[in-house]
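Okay, structure first, notes after.
The values are calculated or read from the model by the stated rules, or taken from the named source; none is laboratory data. Since the structure is predicted, the reported quantities are computational estimates derived from the model, not experimental observations. Note that we place each Cβ from the backbone using ideal geometry, even for glycine, and neighbour counts take in every protein chain shown.
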Amino acid sequence: MPHTHRRPARIGAATSLLALTLALGGTALAQERGVGPGAAGGYDDDRLYQDENGALYRRRGGSYEPYRGRVMHGRPAPDLAVDVDPDAQAYARRRAALSGEPASPPSAQPGPSDPPIVSGRPAPAAKIDDGPIDYARAYGPVEGEPFPVQPFNWKKANPAYLRQDVAYDGPEAPGTIIVDPRAHHLLLIQPNGRARRYGVGVGKQGFSWSGASTVNSKQAWPDWYPPKEMIARTPKLAREVSPLQSGVGVPGGSRNPLGARAMYLWQNNKDTLFRIHGTTDPSSIGRSVSSGCIRMINQDAIDLFNRVQVGAKVVVLG
């Protein structure tokens, strides 16, 4: 059924996603009949609704309006809620564990009972190419994005870290992500004994992590909120940050260190503080230089984002 004939499903703590139907009328979402205040007999509430592509909406005046704000426990977060970027927080906590210095206060995160959600800027409709991998096309500029995605010079890259279709005979089910930090590879397991392999950059010694987790949420062009200590000791970063809705940080865009996409990893209903994300420095692919997160060429991060499902299993090898 076309997307224009689906209604967002409601999300919230300890609730299941409901299959509803939405119809678009011009730029406004179709109204839902109900009781209470609002246009056309509609009513407002403080819940969020999610369509099958992960876009979030609020019900206002009987209409579903796009919502791009922060989410806490499956509902819109207060405007004044304190927010610390998860990747910056991960760096601060690992640094504190090694040096003994105090870590920043924990960031606001969804509760353990919340269903996984997709948030961040609206991602363009998924364009999945399952044909033979053509590097000129795979690593060319990406059209339809809210920010430019520059072409990647694959001809000068190590072929071992370019996107490939490879054989897989391991035990993991299709849809599983396997990260091999030593080989600097990420595999998305496919049916029929195949896998889609990407080159990645990983954490340097002391900032690595291994184990099994799940993709709890996905974000397109996420904002980044580095801790104030990082800003203070990095003059270049201090010039790039600006006031955002949740504090001082770098807005999502082509200059953002998290790149075009981010996938957030949880383990045992808790945030691991590790992410799979794009990068502004593709030369780091195939190296161990980050503070622990798994970085990808932006084109590869977008390709993986379009293929992986929220709730997918992620195995990071030791």
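Identify all residues within segment 279-318 that are modelled with pLDDT of 90 or more, within 20 Å of N256 (Cα to Cα) and in a strand (DSSP E or B); write none if there are none. Residues satisfying the conditions are I294, R295.
Scanning segment 182-226 for residues that are without any contact (Cβ under 8 Å) to a residue 40 or more places away in the chain, in a loop (DSSP other than H, G, I, E, B) and under 15 Å from R287 (Cβ atoms) turns up just one, A183. Count of segment 152-171 residues, restricted to those that are surrounded by fewer than 16 Cβ atoms within 10 Å (Cβ to Cβ) and farther than 17 Å from L304 by Cα, is 10.
Scanning segment 149-171 for residues that are modelled with pLDDT of 95 or more and at positive phi turns up nothing. In segment 213-231, of all residues being modelled with pLDDT of 85 or more and either loosely packed, with under 15 Cβ neighbours inside 10 Å or not aliphatic (A, V, I, L, M) (or both), the one that is farthest from the chain's Cα centre (by Cα) corresponds to S213. Could you look through segment 232-261, keep only residues that are touching a helix residue (DSSP H, G or I) at 6+ places or on another chain (Cβ under 8 Å), crowded, with 17+ Cβ neighbours inside 10 Å and in a strand (DSSP E or B), and pick out the one that is modelled with the lowest pLDDT? Among those that are touching a helix residue (DSSP H, G or I) at 6+ places or on another chain (Cβ under 8 Å), crowded, with 17+ Cβ neighbours inside 10 Å and in a strand (DSSP E or B), it is V250.
Of all residues in segment 192-212 being among the polar types (S, T, N, Q) and modelled with pLDDT under 80, which is surrounded by the fewest Cβ atoms within 10 Å (Cβ to Cβ)?
At the first step, the residues of segment 192-212 found to be among the polar types (S, T, N, Q) are 192, 205, 208, 210.
From what is left, the residues that are modelled with pLDDT under 80 are 205, 208.
Details: Q205: 6, S208: 16.
Among those residues, the one meeting the criterion is Q205.
Would segment 190-204 turn up any residue that is hydrophobic (A, V, I, L, M, F, W, C) and touching a Lys or Arg at 6+ places or on another chain (Cβ under 6 Å)? Lay out the reasoning, then the answer.
Keep residues of segment 190-204 that are hydrophobic (A, V, I, L, M, F, W, C), which gives 195, 200, 202.
With the extra rule that they be touching a Lys or Arg at 6+ places or on another chain (Cβ under 6 Å), the set shrinks to none.
Among the residues of segment 190-204, not one is hydrophobic (A, V, I, L, M, F, W, C) and touching a Lys or Arg at 6+ places or on another chain (Cβ under 6 Å), which makes the answer no.
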